[in-house]
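These notes are about the structure you will find just below.
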Number of protein chains: 2
Amino acid sequence: MLADPLSTTFSALADPTRRAILTRLSAGEASVTELAEPFEMSLPAVSKHLKVLERAGLVERGREAQWRPCRLKAKPLGEVAAWVEQYRRFWEQRLDRLDDYLRELKAKEKKKRGRRKKGNEIV
Amino acid sequence: MLADPLSTTFSALADPTRRAILTRLSAGEASVTELAEPFEMSLPAVSKHLKVLERAGLVERGREAQWRPCRLKAKPLGEVAAWVEQYRRFWEQRLDRLDDYLRELKAKEKKKRGRRKKGNEIV
């Protein structure tokens, strides 16, 4: 069964090495050898990861003879962003609630300190 | 090997049924039976998907005796949004380029039409 494009993208992103490869490529194109360097991985292992990224349309290989540089293709990432965007109000609500809670906590703390100060003045 | 949280989230999202479950839960909490209805799936199959979503912290089950409603937990989605955000300039660049191209195309089309009109006038 062929996965839908978004599932293929999510699946390709579900690996820290593949995400690190994308981060590296966001700084500019690179050869497979260059990509393999920071990972202490064999070239075939890196090539395997690259194939997954290519299949998901996240990486493109150049046609320039031997070197065949890898390039980041961001279109599927834009689709991930659009998908996750529909849930923004949920995680923002969560942060809002945390914010309210912290404000409340600070207000209580201030009140307590004020009372303590007053108490000291009386003593 | 335990996957890192972001990989676990991406992996959980790499399935259209699981994404549809999250969409359904974004409208409010639901029981497993309610979740299973639109999918023509067996309850055990839906439960299996729910377990994957729970492990990724995307769904929480209530403790209310029998019913145990499922709830959306958006925190991991906020983390996906934050991760993908760093690539925004790449997919926006791409749209900008497409925009430039369309503008150029329209300008050329206008020029051509203008010339054709002039031509007609001469004839």
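The values are calculated or read from the model by the stated rules, or taken from the named source; none is laboratory data. If you're wondering where the values come from, they're calculated on a predicted model, not measured in any experiment. Glycine also receives a Cβ, built like all others from the backbone with ideal geometry; neighbour counts cover every protein chain displayed.
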Using beta carbons and a limit of 7 Å, which pairs, at least six apart or on different chains, have the first residue in region A:94-105 and within 11 Å of chain B (Cβ to nearest Cβ) and the second one modelled with pLDDT of 70 or more and surrounded by 10 or more Cβ atoms within 10 Å (Cβ to Cβ)? A:Arg94/B:Ala74; A:Arg94/B:Lys75
Test: residue in region B:86-95 that is in a helix (DSSP H, G or I), modelled with pLDDT of 95 or more and under 25 Å from A:Glu92 (Cα atoms): no
Test B:Ser11 against the criterion of being modelled with pLDDT under 95 and farther than 12 Å from A:Leu6 by Cβ, and give yes or no. no
Here are the criteria: (1) surrounded by fewer than 20 Cβ atoms within 10 Å (Cβ to Cβ); (2) farther than 17 Å from B:Leu77 by Cβ. Tell me which single one A:Leu22 does not satisfy. (1)
Members of region B:18-34 found to be among the hydroxyl-bearing types (Ser, Thr, Tyr) and within 10 Å of chain A (Cβ to nearest Cβ), listed by number: B:Thr23, B:Ser26
Could you tell me whether B:Leu72 is within 11 Å of chain A (Cβ to nearest Cβ), in contact with a Ser or Thr (Cβ under 7 Å, 6 or more places away or on another chain) and of a type outside the set (Gly, Ala, Ser)? yes
Does A:Ala27 qualify as being among the small types (Gly, Ala, Ser), free of Cβ contacts under 8 Å to residues at least 60 places away in the same chain, part of a helix (DSSP H, G or I) and loosely packed, with under 14 Cβ neighbours inside 10 Å? no
Give region A:30-56 a look and list any residue that's more than 16 Å from A:Trp67 (Cβ to Cβ), under 20 Å from the mean Cα position of the chain (by Cα) and touching a residue at least 24 places away in the same chain (Cβ under 8 Å), or say none. A:His49, A:Val52, A:Leu53, A:Arg55, A:Ala56
Restricting attention to region A:75-85, does a residue exist that is touching a strand residue (DSSP E or B) at 6+ places or on another chain (Cβ under 9 Å) and modelled with pLDDT of 85 or more? no
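Here's the yes/no breakdown for (1) buried (at least 17 other Cβ atoms within 10 Å of the Cβ); (2) basic (Lys, Arg); (3) assigned to a strand (DSSP E or B):
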residue	(1), (2), (3)
A:Ala36	yes, no, no
A:Lys48	no, yes, no
A:Glu60	no, no, yes
A:Gln66	no, no, no
A:Gly78	yes, no, no
